[in-house]
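The values are calculated or read from the model by the stated rules, or taken from the named source; none is laboratory data. Bear in mind that the values here come from a model prediction, so they are computed numbers and not experimental data. Note that each Cβ is placed from the backbone with ideal geometry, even for glycine, and that neighbours are counted across all protein chains shown. Only protein heavy atoms, including side chains, enter the accessible area calculation; ligands, DNA and RNA are left aside. Shrake-Rupley method; radii C 1.70, N 1.55, O 1.52, S 1.80 Å.
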Number of protein chains: 4
Amino acid sequence: MLRGLTYAGVGAVESDEQFIQLAAKYGFQAVDLDPSNLVERLGLEGTNELLQQNGIVLGAIGLPVEWRTTDEEFRAGLVKLTKLAAAASVLGCTACCTYILPSTDHNPAHFMAVATRRLRICAQVLGAYNIRLALEFVGPHHLRSRWKHPFIWTPAQTLDWMAAIAERNVGLLYDAYHWYTNGLTISDIRQLRADQIVHVHINDAPAVPVHEVLDNGRVYPGEGVIDLAGFLQGLHSIGYEGVVAQEILTATQPTDATESLMQRSRAGFDKVFGAAGLGT
Amino acid sequence: MLRGLTYAGVGAVESDEQFIQLAAKYGFQAVDLDPSNLVERLGLEGTNELLQQNGIVLGAIGLPVEWRTTDEEFRAGLVKLTKLAAAASVLGCTACCTYILPSTDHNPAHFMAVATRRLRICAQVLGAYNIRLALEFVGPHHLRSRWKHPFIWTPAQTLDWMAAIAERNVGLLYDAYHWYTNGLTISDIRQLRADQIVHVHINDAPAVPVHEVLDNGRVYPGEGVIDLAGFLQGLHSIGYEGVVAQEILTATQPTDATESLMQRSRAGFDKVFGAAGLGT
Amino acid sequence: MLRGLTYAGVGAVESDEQFIQLAAKYGFQAVDLDPSNLVERLGLEGTNELLQQNGIVLGAIGLPVEWRTTDEEFRAGLVKLTKLAAAASVLGCTACCTYILPSTDHNPAHFMAVATRRLRICAQVLGAYNIRLALEFVGPHHLRSRWKHPFIWTPAQTLDWMAAIAERNVGLLYDAYHWYTNGLTISDIRQLRADQIVHVHINDAPAVPVHEVLDNGRVYPGEGVIDLAGFLQGLHSIGYEGVVAQEILTATQPTDATESLMQRSRAGFDKVFGAAGLGT
Amino acid sequence: MLRGLTYAGVGAVESDEQFIQLAAKYGFQAVDLDPSNLVERLGLEGTNELLQQNGIVLGAIGLPVEWRTTDEEFRAGLVKLTKLAAAASVLGCTACCTYILPSTDHNPAHFMAVATRRLRICAQVLGAYNIRLALEFVGPHHLRSRWKHPFIWTPAQTLDWMAAIAERNVGLLYDAYHWYTNGLTISDIRQLRADQIVHVHINDAPAVPVHEVLDNGRVYPGEGVIDLAGFLQGLHSIGYEGVVAQEILTATQPTDATESLMQRSRAGFDKVFGAAGLGT
């Protein structure tokens, strides 16, 4: 598994270049970012060089398509998607992520039908570039009733949705926080095949009752109560070899210096990977 | 358009043979029935002869697959489906119908995902036999809140579902009752293409407020308040040439003699087709 | 049916604007062109105004994706496709065309598999913009053995390919020349449904044996030996209401003045539509 | 990996029961057979008991659908398929195999289109029963020109076909003989993901030039020239954990006693698995 970072949890980084350099400095192997700015400034080759010089791979891009609102907005995103996928593909990226809110103000069945069609188109386009689409189920209880109707929030429901989307390059984004807030165990991970997981997020939860855990109340790996050693062991046991990217969503952005947050992140990874018996 | 009958509205018919003969006698051109019993008794050839001798075509079969409950029940239906489709295909039938309840006790988004996968499989199997799958949206207001969560009930939602199912041989079952209870007009029909409609049901509604109309409170064509002449004109204007089958769902089965109900049905068809300028 | 023009057969037109104006002047209702240049100069609104002021619709765009060579070239086309589809969609265009060469130097089975995947992706993207993909079978005998292995060239084969592509928005481009060189009759057209045809090309063939007819040896409608009246009657009888666009592929571009070629085109349309009983 | 047997190579076994018992006696863990006869005699429960008492799993069934000829024959197979899949699924079988002849008398491109549609339907039906469809590429050179036109015979071509079929439950049947006759190496296997392989056949080739190797000229594992240790190491290294089933196709059925052939098979497996470092 590759240790990765997202921008969530690293504070006010100055630039993508700095992000990549600091990720390398603190022992990470992957970053999740939108490479568009880098490519505009450095070109594809320059960006590739930057990544290679730092020993960093591009873990995942976010889906630049709005599939939750109107057809107009959806279509506007498709132009962006082909451009981004073309760039990401040349940079060696093979994963593109989007998340699923667990409730909705739309008629949920109709929204599911519309979203199925739209995400299939996204998956097809991404597939042309050998990129997989990762669907992130979102577990925190407060979001399940935040909007009028229930949508979906479990990995089992998301696997069923993948079967409805019916494209070969769609899989799960498995986030430790959503695993935890769904009340799942290592055995739930062990029942999956590695190829069903496209990307992984890691983070920790405070010591409050699980149904009170807030989506933007996350803490650094090893600083909370989630059994992250078990989480990583489960993923390792089924043969998952992709990126495990830290994503610390918080109500306000941390004000600590970036290097300090990087160090904290590294310490967290060392602790939980160590506890899992997966390297120093 | 072919004038057709279903068993709903013709009382206690003794046998499929009698149904076919009476349909012919009263000027109908199609019947909707499950041909399995006929085929068992008469063979495929004998059944074909019976139909041809009476100038009757097999309008539509019902989908013999339970796609609303467990995977086990769904799978059990697939064996039946291949057998039925094989027989129906030889008998010249090209339509297979199922209806969509407008509310559900399941998580509606998850149920939509599961049902999308299941109906796609049914459509694929039917497609192998050149049979199209007709999805019937169901409009009556009381059913929209009969179960815990809303599902879908409009033709627009059903077209979006068809796009999610993404099989070329799936279309609408357009029922006059559901058109009426959705508050739709001729112009809504005119916006469709004929190939989006696989099958049509005709029936009438009593003179009560539209939101009080009960699904099993239907009356014979021309005996109620639905603008069936407009309904038929709309279908004709877009080039629909398939079956228009009477379906009179009632709380209790009519006790009138079958021939009397046949005569009443014929009179209803004559009245509304006549008003639409579509033949005697 | 709408009378349409392509650039093939109208000589050295100066600009898209002139093409649209002359099409209108000579009684045509549609033009097939790539709107990109117009949109760049006039904007989407300005282009729409130009079309509307001339009473001209955008009949079809060509598929800007190379699906016959490498994955790299294919991918490069996808970015173009989303941009073009977005523009064409706003301009009211609902058809996008590509043609199928009847022989190939590739392993034909493998090429069919690869092309199936690629055209499905194109169809999905076009579908997001409510545009249909038209596949043009190509009949002339000399092309069937021009490259090493046979590919496909009949409408029946193309319909089977459409079933393999399995997208709802894919249909035939039915070209009179390819109908003729396939040795087909009106009854072959009558067996189709209108929704299986996305676009139509019209042109005529010289009086040489059918197996000697050259793909770029076409003449103007009514100046050759194809039964174009029958062709149009067949299309009309099944309810085809789309564009019938002239496409005169010749070995060298005609040197006559554009207005003279426009007049000749108009005369040809008048003759064959008249003979078909479809207006002056 | 599970050591498995097919009927090809075990001589004149008396019954499925005997096959299962002898497979167990000689240290095998899986058999490939059509369970229909067993189920008819013993019922599903009885068959399951027989398998469990002998510690044998049902490795794979053959696809009972003729997808290479007419639509009529294809359809007839679909009824069989649902029944067989229903039984196999209850017996724990998750793989269904079919092979691809490397040349054809059909127009190869058209045949590829038709076969794509048909195998997609088969895959959908199998998917309803959680069974995967394994496509076996066939390498021997003599078969590549046995019929008029080339079809496909490499794993790369077959992966492209899988992308055209576009169902999530379709993968490769990887046969050592076809790997060898395609001139492939361990590194070709290492470039695959385990989930792309549904089933594996093992067998050996005589010491003749590779382009002279006959499809029905196979010898027992370890008795020929194929690097089966490398083959197994490659599969092991990518995480393949499924069945490796012996399939010895020969011009005439071996006349040795079944127990003697079982012993020979076992010795062959011991030799090549041992050489691969994969157990005794």
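From the list A:126, A:135, exactly one residue is closer than 20 Å to residue A:62 by Cβ, part of a strand (DSSP E or B), open to solvent by less than 10 Å² (accessible area, probe 1.4 Å) and touching a helix residue (DSSP H, G or I) at 6+ places or on another chain (Cβ under 8 Å). Which is it?
Unique residue meeting the criteria: A:135.
Quick one: is residue B:174 more than 8 Å from every other protein chain (Cβ to nearest Cβ), open to solvent by 10 Å² or more (accessible area, probe 1.4 Å) and within 17 Å of residue B:215 (Cβ to Cβ)?
Taking the combined requirement at face value, the residue does not satisfy it.
Those residues that are without any contact (Cβ under 8 Å) to a residue 60 or more places away in the chain and in contact with a Ser or Thr (Cβ under 8 Å, 6 or more places away or on another chain), I need them from the range B:34-64; list them, please.
B:35, B:38, B:39, B:62
Out of curiosity, is residue D:37 open to solvent by 10 Å² or more (accessible area, probe 1.4 Å), over 20 Å from residue C:116 (Cβ atoms), of a type outside the set (Gly, Ala, Ser) and assigned to a helix (DSSP H, G or I)?
yes
Looking at the range A:58-67, which of its residues are over 18 Å from residue A:200 (Cα atoms) and away from chain C (no Cβ under 14 Å)?
Correct list: empty.
Looking at the range A:208-221 only, could you name the residues that are open to solvent by 20 Å² or more (accessible area, probe 1.4 Å) and either within 17 Å of residue A:271 (Cβ to Cβ) or touching a residue at least 12 places away in the same chain (Cβ under 8 Å) (or both)?
Answer for the range A:208-221, where residues must be open to solvent by 20 Å² or more (accessible area, probe 1.4 Å) and either within 17 Å of residue A:271 (Cβ to Cβ) or touching a residue at least 12 places away in the same chain (Cβ under 8 Å) (or both): A:210, A:211, A:212, A:214, A:215, A:216, A:217, A:219.
When you scan the range C:93-100, do you find a residue that is within 13 Å of chain D (Cβ to nearest Cβ), farther than 21 Å from residue A:116 by Cα and within 19 Å of the chain's Cα centre (by Cα), even just one?
yes
Quick check: is even one residue across the range B:254-263 part of a loop (DSSP other than H, G, I, E, B), within 14 Å of chain C (Cβ to nearest Cβ) and open to solvent by 50 Å² or more (accessible area, probe 1.4 Å)?
For the range B:254-263, residues part of a loop (DSSP other than H, G, I, E, B), within 14 Å of chain C (Cβ to nearest Cβ) and open to solvent by 50 Å² or more (accessible area, probe 1.4 Å): absent.
Condition (residue is out of contact with any Cys (no Cβ under 9 Å at 6 or more places or on another chain), closer than 24 Å to residue D:214 by Cβ, aromatic (Phe, Trp, Tyr) and not in a helix (DSSP H, G or I)) applied to the range D:95-103: is it met by at least one residue?
yes
Please state which of the following conditions residue C:190 fails to meet, knowing it meets all the rest: (1) within 14 Å of chain B (Cβ to nearest Cβ); (2) within 21 Å of residue C:68 (Cβ to Cβ).
It fails just one condition, (2).
Those residues that are within 10 Å of another protein chain (Cβ to nearest Cβ) and open to solvent by less than 10 Å² (accessible area, probe 1.4 Å), I need them from the range C:138-157; list them, please.
Passing the criteria: C:151, C:152.
For the range B:48-94, name all the residues that are among the hydroxyl-bearing types (Ser, Thr, Tyr), in a helix (DSSP H, G or I) and open to solvent by 30 Å² or more (accessible area, probe 1.4 Å).
Answer for the range B:48-94, where residues must be among the hydroxyl-bearing types (Ser, Thr, Tyr), in a helix (DSSP H, G or I) and open to solvent by 30 Å² or more (accessible area, probe 1.4 Å): just B:89.
Run residue C:23 past the list (1) out of contact with any Lys or Arg (no Cβ under 8 Å at 6 or more places or on another chain); (2) surrounded by fewer than 16 Cβ atoms within 10 Å (Cβ to Cβ) and report the number of the one that doesn't hold.
(2)
With the condition kept exactly as written, say whether any residue in the range C:68-89 is away from chain D (no Cβ under 14 Å), on the phi > 0 side of the Ramachandran plot and either free of Cβ contacts under 8 Å to residues at least 40 places away in the same chain or not hydrophobic (A, V, I, L, M, F, W, C) (or both).
no
Is it fair to say residue D:13 is touching a strand residue (DSSP E or B) at 6+ places or on another chain (Cβ under 8 Å) and crowded, with 19+ Cβ neighbours inside 10 Å?
It is false that residue D:13 is touching a strand residue (DSSP E or B) at 6+ places or on another chain (Cβ under 8 Å) and crowded, with 19+ Cβ neighbours inside 10 Å.
Out of (1) on the phi < 0 side of the Ramachandran plot; (2) surrounded by fewer than 18 Cβ atoms within 10 Å (Cβ to Cβ); (3) assigned to a loop (DSSP other than H, G, I, E, B), what's the single condition that is false for residue C:44?
Of (1) on the phi < 0 side of the Ramachandran plot; (2) surrounded by fewer than 18 Cβ atoms within 10 Å (Cβ to Cβ); (3) assigned to a loop (DSSP other than H, G, I, E, B), only one is false for residue C:44: (3).
Checking residue B:160 against (1) open to solvent by 20 Å² or more (accessible area, probe 1.4 Å); (2) touching a residue at least 12 places away in the same chain (Cβ under 8 Å); (3) not aromatic (Phe, Trp, Tyr), which single condition isn't satisfied?
Status for residue B:160: all satisfied but (2).
If I filter the range D:240-253 down to residues being of a type outside the set (Gly, Ala, Ser) and in a loop (DSSP other than H, G, I, E, B), which single residue comes out as surrounded by the fewest Cβ atoms within 10 Å (Cβ to Cβ)?
D:252
Restricting attention to the range B:178-207, which residues are open to solvent by less than 40 Å² (accessible area, probe 1.4 Å), without any contact (Cβ under 8 Å) to a residue 60 or more places away in the chain and of a type outside the set (Val, Ile, Thr)?
Within the range B:178-207, B:178, B:179, B:182, B:192, B:194, B:195, B:196, B:205 qualify.
Assess whether residue B:13 counts as being in a helix (DSSP H, G or I), of a type outside the set (Phe, Trp, Tyr) and either out of contact with any Leu (no Cβ under 7 Å at 6 or more places or on another chain) or over 21 Å from residue B:136 (Cα atoms) (or both).
Answer is no for this residue.
Residues in the range A:128-137: is at least one more than 16 Å from the chain's Cα centre (by Cα), among the hydrophobic types (A, V, I, L, M, F, W, C) and more than 7 Å from every other protein chain (Cβ to nearest Cβ)?
no
Among the numbered criteria (1) buried (at least 16 other Cβ atoms within 10 Å of the Cβ); (2) free of Cβ contacts under 8 Å to residues at least 60 places away in the same chain, which single criterion is violated by residue C:277?
(1)
Exactly one condition in (1) farther than 29 Å from residue A:239 by Cβ; (2) at pLDDT 95 or above; (3) part of a loop (DSSP other than H, G, I, E, B) is false for residue A:27; which is it?
Here residue A:27 clears every test but (1).
I'm trying to understand the selection: among the residues of the range B:225-239, which are surrounded by 22 or more Cβ atoms within 10 Å (Cβ to Cβ) and assigned to a loop (DSSP other than H, G, I, E, B)?
B:226
One residue is enough: does the range D:104-114 have a residue meeting the conditions more than 14 Å from chain C (Cβ to nearest Cβ) and either surrounded by 24 or more Cβ atoms within 10 Å (Cβ to Cβ) or in a strand (DSSP E or B) (or both)?
Looking for residues that are more than 14 Å from chain C (Cβ to nearest Cβ) and either surrounded by 24 or more Cβ atoms within 10 Å (Cβ to Cβ) or in a strand (DSSP E or B) (or both), one finds none in the range D:104-114, hence no.
In the range D:115-123, is there at least one residue being buried (at least 21 other Cβ atoms within 10 Å of the Cβ) and away from chain C (no Cβ under 13 Å)?
Yes, there is a match, as at least one residue in the range D:115-123 is buried (at least 21 other Cβ atoms within 10 Å of the Cβ) and away from chain C (no Cβ under 13 Å).
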